[in-house]
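FYI, it's all coordinate maths here, none of it is from the lab. What you see is a predicted model, and the numbers here were worked out from it, not measured in a lab. Cβ sites come from the backbone with ideal geometry, for glycine too, and all protein chains shown count toward neighbours.
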Amino acid sequence: PHVVAVIPAAGVGSRMQADRPKQYLSLAGKTILEHTVTLLLNHPSVSRVVIAISHDDDFIHSLPIIANANIDLVEGGKTRADSVLNALATLPEESWALVHDAARPCVSHQDIDALLAVMNNSNTTGGILASPVRDTMKRACDHGQASLISHTESRENLWHALTPQLFPTGVLLRALNKALSNSVTITDEASAIEYAGGKVALINGNPANIKITHPADLPLAEFYIKQTHK
Ligand code: CTP
Ligand code: MG
């Protein structure tokens with residue numbers, strides 16, 4: 001089947017507190033966005049890459065890679081889900097959308113391959129890369145006492161949702177529209193599919209596939225990138 005990579009890259013990176021959106025910070029000689037785009041474009045199953053960027057993005061046109069004929073740009077939206085929706089709207093309904101955060105340049109082709117295998121599983125709608133929770137999980141008290149522990153959540157069967165997340169484009173588009181029009185909080189593609197009643201496979205991925213979020217993540221991501229390209 002026809003697999004198109006969708007890269008939401010329209011965020012401002014507020015938690016990074018840098019002088020530009022975090023996807024335009026440099027790691028090992030290239031911007032984070034260039035690492036992510038190159039990695040997806042170089043995957044043999046990915047035919048096209050659609051990048052959602054902010055309407056006031058001043059950086060994208062300085063990246064040589066966007067001249068590649070297999071890359072399309074679309075305007076992002078207010079939330080990540082809006083950015084993904086804008087990209088999906090440009091894709092053939094019968095394609096598969098491989099949605100991957102710009103801020104995750106450390107994903108391996110091996111993990112992408114494992115995820116792509118869900119296309120052959122007729123029992124699931126699609127799947128996501130995920131990683132079992134490692135730490136003991138605490139639920140904080142509500143409101144005024146938010147710095148006190150209410151109780152410990154069971155760690156059993158608890159996973160971190162990573163990206164890429166892979167779904168049939170038309171199914172994902174309808175699920176996201178349905179969730180957004182019902183004001184359901186959507187923080188990843190799977191949450192929209194779950195809301196619509198679909199079945200999502202968890203594919204155990206490498207935890208090195210971090211989402212660069214805080215300044216301390218930069219040296220760590222650089223280390224992982226250098227490992228992957230050895
Ligand atoms: N994203 C997007 N459109 C938005 C918000 C986020 O395309 N309106 C993208 C980001 O560019 C990022 C991915 O979604 O690649 C994951 O979001 P996150 O890590 O939260 O990035 P930011 O929203 O930019 O960071 P922050 O939340 O710290 O501001
Ligand atoms: Mg954000």
ask   = In this structure, does Ala130 turn out to be more than 20 Å from Ile32 (Cβ to Cβ), in contact with a His (Cβ under 9 Å, 6 or more places away or on another chain) and in contact (Cβ under 8 Å) with a residue 40 or more places away in the chain?
value = yes
ask   = Of all the strands (runs of 3 or more DSSP E) wholly in the stretch 1-114, which have at least 1 residues that are of a type in the set (Ser, Thr, Tyr)?
value = 46-53
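Can you find a residue in the stretch 38-49 that is within 16 Å of ligand 2 (Cβ to nearest atom), more than 21 Å from Gly126 (Cα to Cα) and either of a type outside the set (Gly, Ala, Ser) or without any contact (Cβ under 8 Å) to a residue 24 or more places away in the chain (or both)?
No, that holds for no residue.
Looking only at the stretch 143-189, filter to residues that are part of a helix (DSSP H, G or I) and hydroxyl-bearing (Ser, Thr, Tyr); which one of those is farthest from Pro132 (Cα to Cα)?
Ser181
With respect to Gly29, determine if the residue is small (Gly, Ala, Ser), over 15 Å from the mean Cα position of the chain (by Cα) and more than 23 Å from Ser181 (Cα to Cα).
Working: small (Gly, Ala, Ser): yes; over 15 Å from the mean Cα position of the chain (by Cα): yes; more than 23 Å from Ser181 (Cα to Cα): yes.
Considered against the rule, which asks whether it is small (Gly, Ala, Ser), over 15 Å from the mean Cα position of the chain (by Cα) and more than 23 Å from Ser181 (Cα to Cα), Gly29 comes out as yes.
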ask   = Do we find a residue being free of Cβ contacts under 8 Å to residues at least 12 places away in the same chain, surrounded by fewer than 17 Cβ atoms within 10 Å (Cβ to Cβ) and of a type in the set (Val, Ile, Thr) anywhere in the stretch 152-171?
value = no
ask   = Within the stretch 52-62, is there a residue that is buried (at least 16 other Cβ atoms within 10 Å of the Cβ), among the hydrophobic types (A, V, I, L, M, F, W, C) and within 19 Å of Ile225 (Cβ to Cβ)?
value = no
query = Give me the pairs: first residue in the stretch 59-78 and closer than 18 Å to Pro21 by Cβ, second residue aromatic (Phe, Trp, Tyr), beta-carbon distance under 6 Å, and six or more apart or on different chains, which are they?
reply = Phe59/Tyr24
inquiry  = If I filter the stretch 1-35 down to residues being in contact (Cβ under 8 Å) with a residue 60 or more places away in the chain and among the charged types (D, E, K, R), which single residue comes out as farthest from ligand 1 (Cβ to nearest atom)?
reply    = Lys22
inquiry  = Being under 20 Å from the mean Cα position of the chain (by Cα), among the hydrophobic types (A, V, I, L, M, F, W, C) and surrounded by fewer than 16 Cβ atoms within 10 Å (Cβ to Cβ) narrows it down to one residue among Val99, Val200, Val133; which is it?
reply    = Val133
note = Inside the stretch 52-102, the number of residues satisfying the requirement of being acidic (Asp, Glu) and touching a Phe, Trp or Tyr at 6+ places or on another chain (Cβ under 8 Å) is 0
